[in-house]
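Notes follow once the structure below has been shown.
The values are calculated or read from the model by the stated rules, or taken from the named source; none is laboratory data. All of these numbers come straight from a predicted model, not from anything done at the bench. Here Cβ is always computed from backbone atoms with ideal geometry, including for glycine, and neighbour counts include all displayed protein chains. Only protein heavy atoms, including side chains, enter the accessible area calculation; ligands, DNA and RNA are left aside. Shrake-Rupley method; radii C 1.70, N 1.55, O 1.52, S 1.80 Å.
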Amino acid sequence: MTHTILVTGGAGFIGSNFVHMLAELRPEARVVNLDALTYAGNLENLEPVAKLPGQRFVHGDITVPEDVERAFAEARALGGALSVVHFAAESHVDRSIQSGAPFVTTNVLGTQVLLDASRRHAVQKFVHVSTDEVYGSLGETGFFTEETPLAPNSPYSASKAGSDLLVRAAVHTHGFQACITRCSNNYGPYQFPEKFLPLMIANASEGRPIPVYGDGLYVRDWLYVRDHCEAILAVLERGRAGEVYNIGGNNELANLVLVRQVLAALGKPESLITFVKDRPGHDRRYAIDASKIRRELGWTPRFTFAEALPETIRWYAQHAGWLQRVRSGAYRDYYARQYGSA
Ligand code: NAD
Ligand code: DAU
């Protein structure tokens, strides 16, 4: 049977990796990619798959019902069972601290517009891609499980928690077939260089300072983006409707340890490390208990950090032109606001 997947935000970091993975693992699936091409969305990310049969791009905004309707019309025209994987979001914590309103608009309102259209079009499965940040911050021990109460601390994570609750309400009220995934920090190809890992690779490669917030002892659980995409596919195909699935890398690292590893891999001096003013409300530690998805769907990360970090660094070295292009224009203005002239 044919299957059409409406992907939102497929020109961004994780979304484009997901579309690439679908082309490889599910070549028979048809894909409609709805993306507003904000500063974080880049059609160049889709070049390797754009010309394949069964790939469609719709330029549109998830907060605009007419745009969402156009994407559904495209998907319906392709035929077969219809599902939705929802990545589109404002995704950067620091930007949400500068201004929260765009986060509420896209992440909260946009998700509701998409849910309404998905119900009208009798979508068979809806996967809402959320984040471990909705659980708030951990102390030195413990892990987030799917039962951990929501306690978001930034405008970004609060807007994601809002969208999670709207998905939950659609399941509860309308019997809508949706799952929510909550994953930890991704890294890999095509990540916009405002996020810490590509930012430090880009800066270190050019011998520029690496801004480390506060004492640098904040801990994140790093997950290779391909592993995340495979987990989402497992949830799309076999996840139980109404369930939440945590996705993590079993790979906790303090920011300073990560920076030192990147500098060592690039043969750059530790003197590039520059401590800067901390992020307000900075969550101290995230760590994921991913035993539910392992138990129910048999997913566990395939890539170790020892292999995927050098692979990621190589990718950025081989895509210097891509990096140059995404760092031009709007991103430069944002960088100046966030770090001054650093
Ligand atoms: P990203 O910022 O790289 O990409 C977001 C994409 O959404 C872009 O292509 C952008 O153009 C598009 N978009 C933004 N607003 C839109 C709108 N109103 N209408 C249509 N398209 C719009 O984000 P990412 O890092 O790939 O994250 C994807 C999803 O995964 C997000 O929902 C994010 O909250 C979640 N997530 C990300 C991470 C991570 O480490 N990057 C971890 C956990 C969860
Ligand atoms: O945990 C999942 C989340 O991971 C996702 O939901 C978000 O979309 C994604 O952006 C990411 O959020 P973080 O805030 O953890 O990622 P970021 O790359 O911005 O920062 C990672 C850590 O590095 C964090 O402790 C802040 C720190 N940092 C970040 C930047 C940009 C620095 O020390 N210096 C920096 O310049």
Evaluate the charge dipole of region 3-339 about its Cα centre and quote only its size in Debye, nearest 20, assuming +1 on the Cβ of each Lys and Arg and -1 on the Cβ of each Asp and Glu. 260
When the solvent-accessible surface of protein heavy atoms is calculated with a 1.4 angstrom probe, in what order do T2, T111 fall, highest first? T2, T111
Neighbourhood net charge (14 Å Cβ-Cβ; Lys/Arg +1, Asp/Glu -1) for R226: -4
Which of the GluC sites (Glu not before Pro) found in region 1-94 are loop residues per DSSP with 12 or fewer other Cβ atoms within 10 Å of their Cβ? E28
Note the full-extension length gain between R76 and T300 as 0.36 nm times their separation in residues minus their Cα-Cα distance, in nm to one decimal. 77.3 nm
Pull up all non-local amide H partners of F57: gap of 5 or more, or a different chain, and H-to-H distance under 5 Å with H placed in the peptide plane. N33
Using a 1.4 Å probe on heavy atoms of the protein chains only, the accessible area for H20 in Å², nearest 10, reads 40
Only loop residues by DSSP count here, and only those with at most 14 other Cβ atoms within 10 Å; note down the trypsin sites (Lys or Arg not before Pro) in region 203-278 that meet that. R240, K277
Mean separation of Cα pairs under 8 Å and 6+ residues apart, divided by the residue count of the chain: what relative contact order is that in percent? 17
When Lys and Arg each count +1 and Asp and Glu each count -1, what net charge do the other residues less than 15 Å away from Y213, Cβ to Cβ, add up to? +2
Expressed as a whole-number percentage, the relative contact order of region 60-197 with C-alpha contacts under 8 angstrom and at least six residues apart is 29
Per residue, how much accessible area does region 3-339 have with a 1.4 Å probe, in Å²? 40
